[in-house]
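Input: a single structure, listed below in structure tokens.
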Amino acid sequence: MVHLATEKKTQEVAAPKAPRQLKLDGHVGFDTLPDQLVNKSVQNGFSFNILCIGETALGKSTLMDTLFNTSFGATPSPHCLPNVKLRANTYELQESNVRLKLTICDTIGYGDQVNKADSYKALVEYVDSQFEAYLQEELKIQRTMASAHDGRVHACLYFICPTGHGLKAMDLECMKQLDTRVNIIPVIAKADTISKSELAGFKERIMNELRRNKVSIYQFPTDDETVADTNISMNGHLPFAVVGSTEFVKVAGKLVRARQYPWGAVHIENEAHCDFVKLREMVIRTNMEDLRELTHSRHYELFRQRRLQQMGFVDVDSNNQPVSFQQTFESKRSDHLACLQAKEEEVRQMFVQRVKQKENELKDSERDLHIKFERLKREHLDEKAQLEEARRQLEEECQELQKRRLQLANGMHTLTLGRGKKK
């Protein structure tokens, strides 16, 4: 009973209370917080990262130049690469007093391989690596989030080849793998190559295929009343049919960005010709902050949740009770130490076993050497005895030979004396 009462009391203390609403008697000044936030943000600058996915020569670099009204100096990509590569470049842009750190990541060799089944893997690895880098920075003891480069992809412009028929299997597979990781905005590249009637049917087929394959693309937000109507209308124009150009043509005495053809010119910023203005308005001028916020609050949170679960961290235990980060860390630390001790004991036992095995091998070697030594010693003694016997026999033969020589010499001397007397 005491335990239950204590638990109930703890729950009552921990329960949050509704804040009291008070009326101010005069001006305080915290109504300037939005202005302070704006000034601080302008002072720190902003970052925005775009991932451009599409086959080679679909005009990705040209569209980026057109979108930001500058020249990024991208070099043409070859068609003979064996694998898909990514090339990320970061630029410092400034408009009025607002500074923007823009990172554009381009896909090199996408769709150029004979086997396109694994074309999306390099893209998924790149997106996950940027999330992982941000997560590792978050988990540091001394974090530098303000100065560290945030490479997380905020917008993914997926360039669709203007075939007029529908999406390719490679497009569907890639977008399916990326839709939980990035904000996908599909665009029809080089839209001036198909007629308006074909374009309307092409857009409808693309959206139907996306819905049928359950591919989620970025939807412009409708919760802000100031832009809700515009965003609702723009959601109905997806995917945007865009045309990019770095050339200017004089029309009615005014230079406009356009693509010049023998039959006429396609004005890039004329909404009757293409959806470039819609794309620029939606991505840059209206929803850039929403893309940044959604990347952090949805896609990064999903990645962070998945990675922490892989590390063994949970919010609740088996009894559905909340578990603190410290408890999980201590539990993982204890398990890790126990695992280290078990491995240490295993290594120690293995070491002892190896030492014993080596000792036995040395003892066996020593015994073999001793046996070999005794054998060689006996053989040496036997050889020595044989040599002594041979020496003795040789000496006897030498003595016998000497005797014979003496006898022969005496006989010869006697014979000579006998002959001398006869004479």
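The values are calculated or read from the model by the stated rules, or taken from the named source; none is laboratory data. A quick note: this is a predicted structure, and the numbers were derived from the prediction, not measured. When we count neighbours, we look across all protein chains shown, and the Cβ atoms used for this are built from the backbone with ideal geometry, even at glycine. Note: areas computed on protein heavy atoms with side chains; ligands, DNA, RNA excluded. Shrake-Rupley method; radii C 1.70, N 1.55, O 1.52, S 1.80 Å.
Which numbered condition in (1) modelled with pLDDT of 75 or more; (2) closer than 30 Å to ARG304 by Cβ; (3) not small (Gly, Ala, Ser) is the only one that VAL316 fails?
Among (1) modelled with pLDDT of 75 or more; (2) closer than 30 Å to ARG304 by Cβ; (3) not small (Gly, Ala, Ser), VAL316 violates only (1).
Go through (1) in a helix (DSSP H, G or I); (2) open to solvent by 50 Å² or more (accessible area, probe 1.4 Å); (3) of a type in the set (S, T, N, Q) one by one and return the number of the condition ASN320 breaks.
Result: ASN320 passes all but (1).
What pairs come up if the first residue lies in the stretch 52-70 and is over 16 Å from VAL277 (Cα atoms), the second is polar (S, T, N, Q) and modelled with pLDDT under 90, and their beta carbons are under 6 Å apart, counting only those six or more places apart or on different chains?
THR56/SER77
From the list GLU301, GLU330, GLU225, which residue is farther than 21 Å from ALA191 by Cβ, at pLDDT below 90 and under 37 Å from the mean Cα position of the chain (by Cα)?
GLU330
Determine whether SER41 is touching an Asp or Glu at 6+ places or on another chain (Cβ under 9 Å), surrounded by 12 or more Cβ atoms within 10 Å (Cβ to Cβ) and under 21 Å from HIS154 (Cβ atoms).
So SER41 fails the test.
Tell me, yes or no, whether the stretch 271-282 has at least one residue that is surrounded by 14 or more Cβ atoms within 10 Å (Cβ to Cβ), in contact with a helix residue (DSSP H, G or I) (Cβ under 9 Å, 6 or more places away or on another chain), among the aromatic types (Phe, Trp, Tyr) and within 26 Å of ILE160 (Cβ to Cβ).
For the stretch 271-282, residues surrounded by 14 or more Cβ atoms within 10 Å (Cβ to Cβ), in contact with a helix residue (DSSP H, G or I) (Cβ under 9 Å, 6 or more places away or on another chain), among the aromatic types (Phe, Trp, Tyr) and within 26 Å of ILE160 (Cβ to Cβ): present.
Would you check if there is a residue in the stretch 75-96 being assigned to a loop (DSSP other than H, G, I, E, B), open to solvent by 100 Å² or more (accessible area, probe 1.4 Å), modelled with pLDDT under 85 and within 30 Å of PHE248 (Cβ to Cβ)?
Yes: one or more hits.
Does HIS154 meet the test of being under 30 Å from GLU247 (Cα atoms) and touching a residue at least 24 places away in the same chain (Cβ under 8 Å)?
yes
Name every residue in the stretch 112-122 that is closer than 21 Å to CYS52 by Cβ and either assigned to a loop (DSSP other than H, G, I, E, B) or open to solvent by less than 70 Å² (accessible area, probe 1.4 Å) (or both), in order of residue number.
Once the filter is applied, which keeps residues that are closer than 21 Å to CYS52 by Cβ and either assigned to a loop (DSSP other than H, G, I, E, B) or open to solvent by less than 70 Å² (accessible area, probe 1.4 Å) (or both), the stretch 112-122 yields ASP112, GLN113, LYS116, ASP118, SER119, TYR120, ALA122.
Among the residues of the stretch 148-157, is any open to solvent by 30 Å² or more (accessible area, probe 1.4 Å) and at pLDDT 90 or above?
no
Report yes if some residue within the stretch 27-45 is under 29 Å from the mean Cα position of the chain (by Cα) and under 30 Å from ASP275 (Cα atoms); otherwise report no.
Yes, that holds for at least one residue.
Would you be able to say whether some residue in the stretch 97-111 is open to solvent by 10 Å² or more (accessible area, probe 1.4 Å), among the acidic types (Asp, Glu), under 15 Å from ARG292 (Cα atoms) and touching a strand residue (DSSP E or B) at 6+ places or on another chain (Cβ under 8 Å)?
Looking for residues that are open to solvent by 10 Å² or more (accessible area, probe 1.4 Å), among the acidic types (Asp, Glu), under 15 Å from ARG292 (Cα atoms) and touching a strand residue (DSSP E or B) at 6+ places or on another chain (Cβ under 8 Å), one finds none in the stretch 97-111, hence no.
Restricting the stretch 104-121 to residues that are out of contact with any Gly (no Cβ under 9 Å at 6 or more places or on another chain) and of a type in the set (A, V, I, L, M, F, W, C), which is modelled with the lowest pLDDT?
Across the stretch 104-121, the extreme among qualifying residues is VAL114.
For the condition out of contact with any Phe, Trp or Tyr (no Cβ under 6 Å at 6 or more places or on another chain) and open to solvent by 80 Å² or more (accessible area, probe 1.4 Å), what is the one hit in GLU137, GLU132, GLU125?
After applying the criteria, what remains is GLU125.
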